[in-house]
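Below is one structure, written out as structure tokens; comments come after it.
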Amino acid sequence: METGTFDKTQQDIYLFKEILRSRKSCRGFLETPVPDKMITSVLEDAALAPSNCNTQPWETHIVSGKKLKELSDVLLKENNAHRFSPDFSFDTEEYQGRYQERYFNLASINYEAYGVKREDREGRKEISDQNYKFFNAPHIAIPFMPSFGDNVRVGGDIGMYGQTFLLSLTAHGLAGIPQTALGFFAGTIREILNVPAELKMLFGISFGYADLNSPGNSYKLGRDPISSNVIFHQ
Ligand SMILES: Cc1cc2nc3c(=O)[nH]c(=O)nc-3n(C[C@H](O)[C@H](O)[C@H](O)COP(=O)(O)O)c2cc1C
């Protein structure tokens, strides 16, 4: 493998590839809290994410301890009552063809890990409720964003921020999971955290130390080869 510019060594490249490949969505955390210094270090990394015109359109709220428990209780209640308050629509029915296949594949691998059959509605609900228990994580991060136009570009910026946050967690020996499920209750979360209505929410990230014995962490999802999704032009 050739190195590029900026005096990067083979070791740098392998280290990056190792971190990238060891990141995965964590669906089971230990209760152990993450030291404040480490959270700050991850937040400093995440803030290096690129953004349109360097607007840095994020205001991140970190929720832990009693406040996290309060949030979990409210979200579980709101979810049971189907009182959704999303800022942005989300409809999995829109996934067709290969996108639908991948979506179904993830769902079936996840149910299988917990020993839950597709027709077991209660079992499936229990798994989905894990989102609102933050998979037992001691912390969540919510990158709120201002609203600009149709929000597509700012949403892209928040995505870059989120991935930088997740990779930094991995580099620190931590784990995380981005959760659109939390975004279904953006209005409720804003109310509880006292966030102004102008700031919108796409997803939250539960994070902490992975519980390697959790069924939700017993699998790793693959990716299609780049030959199926890259087209070269010359
Ligand atoms: C923006 C975003 C939102 C997501 N929301 C959820 C969610 O609400 N609940 C969940 O269990 N996983 C969620 N995921 C995790 C995806 O299922 C996961 O990234 C995907 O299956 C690929 O697996 P990997 O992250 O382990 O590589 C989300 C991922 C992204 C990028």
Seminar exercise, completed: Expressed in µm² per second, the diffusion coefficient of the stretch 1-63 from the Stokes-Einstein equation, with Rh the Kirkwood radius over alpha carbon pairs, at 20 °C and 1.002 mPa s, is 141
For this session: Loop sites only, by DSSP: take the GluC sites (Glu not before Pro) in the chain that have at most 11 other C-beta atoms within 10 Å and name the longest stretch containing none of them.
Result: 32-118
Problem set entry | Two-site FRET efficiency, LYS37 against GLN11, from Cβ-Cβ distance with R₀ of 25 Å, rounded to 0.05 | 0.45
Seminar exercise, completed: Under the rule rounded for a/c under 1.5, else prolate if a/b exceeds b/c, else oblate, using alpha carbon gyration tensor axes a ≥ b ≥ c, the stretch 107-234 is classed as oblate
For this session: Please work out how much accessible surface ARG27 shows to a 1.4 Å probe, ignoring ligands, DNA and RNA, in Å² rounded to 10.
Result: 40
Seminar exercise, completed: Carbon/sulfur accessible area of the stretch 1-119, % of total, 1.4 Å probe, equals 53
Seminar exercise, completed: Exposed-loop cut sites defined as chymotrypsin sites (Phe, Trp or Tyr not before Pro) in DSSP loop states with at most 15 other Cβ within 10 angstrom; longest site-free run of the chain spans 7-83
Seminar exercise, completed: Of the accessible area of the stretch 130-176, computed with a 1.4 Å probe and all protein chains kept, carbon and sulfur make up a percent value of 55
Exercise. So what J values fall out for the stretch 72-88 if you push phi through Karplus, 6.51 cos²θ - 1.76 cosθ + 1.60 with θ = phi - 60°, rounded to Hz, Gly and Pro as x?
Worked result: 4, 4, 5, 5, 4, 5, 4, 5, 4, 8, 6, 9, 7, 9, x, 8, 9
For this session: State, as an integer percentage, the relative contact order of the stretch 173-234 based on alpha-carbon contacts under 8 Å between residues 6 or more apart.
Result: 40
Exercise. Stretched out fully, how many nm does the piece from ARG153 to PHE84 gain, at 0.36 nm a residue minus the Cα gap?
Worked result: 22.4 nm
Seminar exercise, completed: Quick note, the stretch 1-130: a/c under 1.5 would make it rounded; otherwise a/b > b/c is prolate and the rest oblate (a ≥ b ≥ c, C-alpha gyration tensor); here it is prolate
Problem set entry | 12 Å Cα cut-off, lysine pairs counted over the chain (separation 8 or more, or different chains) | 4
Seminar exercise, completed: Whole-Hz Karplus couplings 3J(HN,Hα) for the stretch 21-32, θ = phi - 60° and coefficients 6.51, -1.76, 1.60, Gly and Pro as x, run 7, 8, 5, 8, 5, 9, 10, x, 10, 7, 6, 3
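May I ask for the percentage of alpha-carbon pairs in the chain that lie more than 34 Å from each other?
17
In square angstrom, what is the accessible area per residue of the chain with a 1.4 angstrom probe?
Ligands and nucleic acids excluded, the figure is 63 Å² per residue.
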Problem set entry | Karplus 3J(HN,Hα) series, Hz, for the stretch 57-67 with 6.51 cos²θ - 1.76 cosθ + 1.60 (x for Gly, Pro) | x, 9, 9, 9, 9, 9, 10, 9, x, 4, 5
Exercise. Using the scaling law 2.2 N^0.38 Å as the reference, what is the normalised Cα Rg of the stretch 51-98?
Worked result: 1.71
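The values are calculated or read from the model by the stated rules, or taken from the named source; none is laboratory data. Bear in mind the structure is a predicted one, so any value in this text is a computation, not a measurement. Please note: Cβ atoms are built from the backbone with ideal geometry, for glycine as well, and neighbour counts cover all protein chains shown. Please note that ligands, DNA and RNA were not included when accessible areas were found on the heavy atoms of the full protein model with its side chains. Shrake-Rupley method; radii C 1.70, N 1.55, O 1.52, S 1.80 Å.
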